[in-house]
Structure formats: structure tokens, C-alpha cells
1. Give all pairs with beta carbons closer than 7 Å in which a residue from the range 92-117 that is over 19 Å from residue 19 (Cβ atoms) meets a residue that is in a loop (DSSP other than H, G, I, E, B) and among the small types (Gly, Ala, Ser); count only pairs at least 6 apart in sequence or on separate chains.
2. Only one residue in 224, 167, 198 is at pLDDT 95 or above and in a loop (DSSP other than H, G, I, E, B), so which one is that?
3. Being of a type in the set (A, V, I, L, M) and touching a residue at least 24 places away in the same chain (Cβ under 8 Å) is the filter here, so list the residues in the range 219-249 that pass it.
4. Can you pull out the residues in the range 110-124 that are crowded, with 19+ Cβ neighbours inside 10 Å and not aromatic (Phe, Trp, Tyr)?
Amino acid sequence: MDKQYEKQYHELEKVHWWFVSRRRKVLSLLKATPDKTYLDIGCSSGYLLQELIEKGADPANVYGVDISPEGIQECLNKGLKNTFVMDATHIDLRQNHFDYIIASDCLEHIEEDRTALQNWYSLLKPGGAIIVFVPAFLFLWSPHDVVNHHFRRYTNAELREKLRAAGFDVQRTGYWNFVLFFPIALFRFLRNGLRKLGFGEKEATADLKPTPAPVNGLLKTLLGIENGLMEVVRFPFGVSTFCIARKQV
């Protein structure tokens, strides 16, 4: 992502409704126990790693990698020792080692996503699980994607196909952030249209910005309800799409 935006991104991660709600969803999809090993790909400043430890994971078994030296320095400042600056396309860690791999909004940053998935497959233990969240639908492409250096947005079918091609057994799929899909889509269509007409900002800017506390709380509540409903409802679309897959035993 743009270095100018990265500093703000790290500041938002702790409290912003988007990051908090997505971490809660990811944590609900796995079990944090001392005997399991975890790798967060694109770990940024390490808040998911911290929460895994708080929920019962052994710090010695919690790893993170990120392309950003600034992000990894934030992790080290938090005492997260097993965090490394690495290119997520070719992660140089022990093969067949991890019980869980988490990649939240990471794969879209990688030009060779199929190569990356093959590498991630090699890092998982047989029977281990991977949880992947990525931005959904190319028609939602906006300056936010440009600032974040995205190569693509995915449909759920495309994400499933790429995971299967890498050898994964896809267990569960779906879309996330259904509740805010229409407001976000409308905002992006209007923003893109105004830019084409020569109005609005001249330089690409990100959508994620500091949110007033009451609004931030409301959006966390709405996404919290959606996170719970996802256990019984498969939403037909959303701002993100996800897959949970396993390595063959």
C-alpha cells in the first residue's frame, strides 16, 4: 500500500469497525489452543496475533509475516517475536508445520496469487486449515484498491477455484459484510463517476478513515449481528468473500 496511507492504516487497526469485526469473524472460525500452530500472512501490526494469544494460543506457536518492515516493527514492539518481513509469495518457514493459516485481505496484493497459494499449501500440516478473506467483485474497484496496491478483487467461485487448483479441499465458502454492501457499492459508484467527470479528489484515497465513536460502535454492532447469522445463513454477496479449506491428509 502507499506509504503515506500505511501509517494511518496501522493506527486504525485497533479500533476501526472493519478490522475489529473481521478479526472477530476470523477468530470464531478457529480454535485458539496452546498445542496448535498459527501463521497470519499479511499480519500488519499484529492485532490478530495478540488476540489469538489472549484466547489461549501459545505465543511460541504464533507466527506472522508481512511485506512491511514498519508493520513487523509494530509486531516486535508488542512482544510478538515470531514475526518476519517476508514476501507472501514465497514464505521461507518450515513446511508442514502450521495447523492454521490466516490470510485476511492479503492475496489480492500478490500478483502471482496461484504461486502464493501453492507455497501456503506447503506450509500447512496435513489436515491443517487455511482461512482466506479477500475483497469481492471487480465492479467494486475504486481508488481504495489503487491506494492499497491491489491486483484484483475476487468472486467466491474464483477464490474456490484457485484454492482447489493449489491442492486444497474447500470446506466452507461465503461472502462477508453483506449488511453494508449496498451503501458501500453506491458510494463507490458515485465516487468513480464523479472522478470520471473531473469532480472530487484528484488523487486516489482510501475508504478506511477514522470514524466517529457512535458510528464506529453502530457498525461494529451491525457486523457483529451478521457474524452471528453467518453460522446459519449463507449471504449471496458481500464486500468481501472468504473460503475455509484444508490440506489433504
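1. 110/88; 114/166; 116/88; 117/166
2. Values: 224 fails: in a loop (DSSP other than H, G, I, E, B); 198 fails: at pLDDT 95 or above.
Of the residues listed, the single one that is at pLDDT 95 or above and in a loop (DSSP other than H, G, I, E, B) is 167.
3. Filtering the range 219-249 down to residues of a type in the set (A, V, I, L, M) leaves 219, 222-223, 225, 229-230, 232-233, 239, 244-245, 249.
Answer for the range 219-249, where residues must be of a type in the set (A, V, I, L, M) and touching a residue at least 24 places away in the same chain (Cβ under 8 Å): 219, 222, 223, 225, 230, 239, 244, 245, 249.
4. In the first step, residues of the range 110-124 are kept if they are crowded, with 19+ Cβ neighbours inside 10 Å; the result is 110, 113, 116-117, 119-121, 123-124.
Within the range 110-124, 110, 113, 116, 117, 119, 123, 124 qualify.
The values are calculated or read from the model by the stated rules, or taken from the named source; none is laboratory data. The shown structure was predicted, so the numbers you read here are calculated from the model rather than taken from an experiment. Using ideal geometry, Cβ is built from the backbone for each residue, glycine included, and neighbour counts are taken over all protein chains shown.
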